[in-house]
Amino acid sequence: MAGSRLFPKPSTSSQTFTTQKGSGDPTRASVIHFLARAHSLPCSAASQAFMQLVQPIARFQLALDLLLPLLTSSADLAQRIPVSFILYSMYAPYPISLNPFKSVLYATFVKERELAIEISAEGGFSEKEQLVWVLWKILKGDGNDIGPYSPSTLTKSPLPPELRASCLFLDEEAFMENDPDHSVGKSTITAGEPKQFAEQGTSKNSLPLLPPASETKITREIDRENERIAQAMKLVLAARDRALTLTEQRILTPLIPRLTSPAMITSVDLPPIVSYNPNLAYQLVIALLMALPNNLAQDISVYLDALTLLPPTLPSFDLLGRLLRDTSAIPDYSTGGKTTIADIVRSEVLGRFIHESIKWLDNAERDEHEGLVSDDRFAKGVQNLCRFYSSLLKLSIVDAASDADSTEMSHFTLRHSRFEEANALYCILASGRFDPFYTAMI
């Protein structure tokens, strides 16, 4: 029940676009959720994902309602850059002069350019310089040059002096007047531009450290790969709301490494995916942990924390059980050495997961007594948690004789000993050994 103690509403973060009003439209919600992690996708892949998520008839209206407000807001550059590219790519087969969003793109270019110049005049450097350059490339008609690069790459690449905001010019008439016959190539050079820019004309300038534009054209193979990634992201979004079909899982599974290095999956995605697709969740968690060296910036601990807060349901127990039996070697993010998936989940997740599960069940029991719920989630939760813990004892993952391992569960099972599973488990824990007699009772 949304909003209850058992299912609190998720906290809002800057990555979920707090400036946008909530909507019951699932397409809009999917686009918002997708854009939150588009910073690590190539701009062309982000554009293709948008095209796949939104039906053609709905794209223009959604762009007006969602993308334009984000473009003109003070959101992070890693969000505004893919939005700019999507607005451009919606009409990329046609000259920029025919793009209905060109005036807004131009107005944003002018505004951010003026702010960047003001900061530069004071001896500073505006972080919006890269956005100005991206908008300049788009409005010149060279937006495809940006396609192969992710927003995070573009925002981190320093600009040479000749590509600073003060050196980038566009002709206002080309973008503020509806003149299809106007030459966009010629309009990008104004009478006031330095001679070297007039000579360059519409040459495809690139950021330093990036290959020349002539070498970064999107080939058919890159285009197909971006389309596959976009389709995979669409399936990940769908996996939060329903169980994927076998066909969908076969499409998604080979692309999981591409979605986790760098990570395009957020910790907020994991709980609903676990609920509907525990097998997919297992593969995602494994891939995230395996890709640890590339995910240090995202801090892998946020994914482990998400596991500790999973509700005590069968899909959660299935996932944790598989992780606790996985002996695959991975880097140890705390020591720099090696460890295993089982060890890191045992040390970083299991204890807190048990603690949070008990809290969850305490809240469920309270809600049941107060008449807030009418199902058997509490009884089922107690039974399943006891069975899960008993399986950990059988596998020697936890030790009944260890106070650190068993004290909290001992109190819990004693308190709920009216349930057969809890009573049997309490007898095992109280005896301090794994007795075959009690094994048969569980």
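The values are calculated or read from the model by the stated rules, or taken from the named source; none is laboratory data. Owing to the predicted nature of the structure, the values given are computational and were not obtained by experimental measurement. Here the Cβ positions follow ideal geometry from the backbone for every residue, glycine too, while neighbour counts run over all protein chains shown.
Residues that are within 28 Å of R377 (Cβ to Cβ), aliphatic (A, V, I, L, M), surrounded by 18 or more Cβ atoms within 10 Å (Cβ to Cβ) and without any contact (Cβ under 8 Å) to a residue 60 or more places away in the chain within segment 308-356 comprise L310, L319, L323, V345, V349, L350, I354, listed in sequence order.
Residue by residue through segment 358-397, note down the ones that are free of Cβ contacts under 8 Å to residues at least 40 places away in the same chain and of a type in the set (D, E, K, R). K359, D362, E365, E368, E370, D375, D376, K380 - these are the residues of segment 358-397 that are free of Cβ contacts under 8 Å to residues at least 40 places away in the same chain and of a type in the set (D, E, K, R).
Filtered by the rule that a residue be in a loop (DSSP other than H, G, I, E, B) and hydroxyl-bearing (S, T, Y), segment 233-247 gives a lone residue, T245. Restricting segment 97-109 to residues that are buried (at least 16 other Cβ atoms within 10 Å of the Cβ), hydroxyl-bearing (S, T, Y) and modelled with pLDDT of 85 or more leaves a set whose member that is farthest from E129 (Cα to Cα) is Y106. If you take the residues of segment 348-366 that are out of contact with any Lys or Arg (no Cβ under 8 Å at 6 or more places or on another chain) and small (G, A, S), which of them is farthest from A404 (Cα to Cα)? This residue is S357. Within segment 143-161, being surrounded by 20 or more Cβ atoms within 10 Å (Cβ to Cβ) and not β-branched (V, I, T) holds for G143, N144, D145, G147, P148, Y149, S150, P151, L154. Determine whether L392 is buried (at least 17 other Cβ atoms within 10 Å of the Cβ) and on the phi < 0 side of the Ramachandran plot. For L392, the condition - buried (at least 17 other Cβ atoms within 10 Å of the Cβ) and on the phi < 0 side of the Ramachandran plot - is met.
Among the residues making up segment 226-284, those that are surrounded by fewer than 17 Cβ atoms within 10 Å (Cβ to Cβ) and of a type in the set (D, E) are E227, D241.
Listed by first and then second residue, the pairs linking a residue in segment 86-105 that is in contact (Cβ under 8 Å) with a residue 40 or more places away in the chain to a residue that is aromatic (F, W, Y) and part of a helix (DSSP H, G or I), with Cβ atoms under 6 Å apart and 6 or more places separating them unless they lie on different chains, are I86/F50; K102/F175; S103/F175. Contact annotation: residue pairs with Cβ atoms under 6 Å, 6 or more positions apart or on different chains, pairing a residue in segment 108-125 that is without any contact (Cβ under 8 Å) to a residue 24 or more places away in the chain and among the β-branched types (V, I, T) with a partner that is in a loop (DSSP other than H, G, I, E, B) and surrounded by 14 or more Cβ atoms within 10 Å (Cβ to Cβ), are I119/S126.
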